[in-house]
Amino acid sequence: MSGYRIGSGFDAHRLVAGRPLVLGGVSVVHDKGLEGHSDGDCLIHALCDALLGAAAAGDMGRHFPSSEPRWKGAPSVTFLQEVARIVAERGFVVENVDVTVIAQAPTLTPYVEGMRVKLARCLGLDAERVSVKAKTTDGLGATGRGEGIAALATALLSPRGEDPRTT
Ligand code: MG
């Protein structure tokens with residue numbers, strides 16, 4: 001295994017009444033929550049796919065199939081911790097991750113620092129290596145109408161114990 005490895009991830013979930021909203025492992029005050037087999041945390045799902053993609057280790061659907069009862073209602077931080085284990089097992093360390101979450105409402109800015117700390121803890125990283133950015137679509141499309149929330153993520157891995165610039 002050699003060199004840097006980059007991966008990208010995407011996810012989107014529908015917002016529905018009667019569910020708590022959890023994003024980046026943090027509880028967010030809102031009148032709706034994300035639908036899903038798990039807690040619906042699309043931010044973490046996008047991040048998991050970026051990390052798995054960088055390691056060419058498949059995707060969320062392969063590792064955490066919704067047909068599997070043990071993942072039902074699971075907090076998505078559990079998935080992220082498991083993905084961190086898979087990535088480490090394959091000989092990689094996480095250099096940094098960057099996530100963009102697209103939500104018209106609620107305003108996520110007050111939660112961003114808490115999300116960074118939570119994600120960093122799950123990945124065993126310094127929070128300086130974890131970026132979370134919150135955007136709207138200016139009212140455009142399904143996310144703009146508040147029908148759901150989407151997230152994009154990028155992750156950079158390097159081989160453990162090697163200088164990725166020379167391998
Ligand atoms: Mg998902």
HN-Hα couplings for region 120-126 via Karplus (6.51, -1.76, 1.60; θ = phi - 60°), in whole Hz with x for Gly/Pro, come out as 4, 5, 4, 8, x, 10, 6
Residue by residue through region 104-116, the couplings from Karplus 6.51 cos²θ - 1.76 cosθ + 1.60 with θ = phi - 60°, in Hz, x for Gly and Pro, are 6, 8, x, 5, 9, 3, x, 9, 4, 5, x, 5, 4
Under 5 Å from the placed amide H of S38, counting only residues 5+ away or on other chains, we find G73
If each part is reduced to its alpha-carbon centroid, region 3-60 and region 74-109 end up apart, in Å, by 8
Charge tally for neighbours of Y4 with beta carbon under 13 Å away, counting Lys, Arg as +1 and Asp, Glu as -1, is 0
The answer for region 5-161, accessible area per residue at 1.4 Å probe in Å², is 47
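Taking GluC sites (Glu not before Pro) as exposed when DSSP calls them loop (any state but H, G, I, E, B) and at most 15 other Cβ atoms lie within 10 Å, what is the longest stretch of the chain free of them, the sites themselves excluded?
Values: sites that count: E35, E147, E162.
Free of exposed loop sites, the longest segment is 36-146.
Please list, by residue number, every one of the trypsin sites (Lys or Arg not before Pro) in region 100-167 that is coil in DSSP and has at most 14 other beta-carbon atoms within 10 Å. Write out the running numbers ahead of the final one.
Numbers: sites: R116, K118, R121, R129, K133, K135, R145, R160, R165; in loops: R145, R160, R165.
For trypsin sites (Lys or Arg not before Pro) across region 100-167 that sit outside H, G, I, E and B with at most 14 neighbouring Cβ atoms in 10 Å, the list reads R145, R160, R165.
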For the chain, the percent of accessible surface on carbon and sulfur atoms (probe 1.4 angstrom, ligands and nucleic acids excluded) is 51
Between G24 and residues 5 or more places away or on another chain, the pairs with built amide H atoms under 5 Å apart involve L43, I44
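Quick one: compute the contact order of the chain, relative version, from alpha carbon pairs under 8 angstrom and 6+ residues apart, as a percent.
Numbers: 380 pairs, mean separation 57.5, N = 167.
Across the chain, relative contact order equals 34 percent.
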So the compactness index of the chain, its C-alpha Rg divided by 2.2 N^0.38 Å, takes the value 1.02
Given Cβ charges of +1 for Lys and Arg and -1 for Asp and Glu, the option among G33, A57, T143 whose Cα lies farthest towards the positive end of the dipole of region 5-161 is A57
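So for the chain: antiparallel DSSP bridges make up what percent, rounded to the nearest 5? Walk me through the numbers before you get to the answer.
On the way: 26 of 32 bridges.
Counting only bridges with both partners in the chain, antiparallel ones make up about 80 percent.
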The farthest towards the positive end of the charge dipole of the chain, of the residues G18, A84, V117, given +1 on Cβ of Lys and Arg and -1 on Cβ of Asp and Glu, is G18
Partner lysines whose C-alpha sits under 18 Å from that of K118, ignoring same-chain residues fewer than 8 away, are K133
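The values are calculated or read from the model by the stated rules, or taken from the named source; none is laboratory data. Remember, it's a predicted structure, so these values are computed and weren't measured experimentally. We place every Cβ from the backbone using ideal geometry, glycine too, and count neighbours over all the protein chains shown. Please note that ligands, DNA and RNA were not included when accessible areas were found on the heavy atoms of the full protein model with its side chains. Shrake-Rupley method; radii C 1.70, N 1.55, O 1.52, S 1.80 Å.
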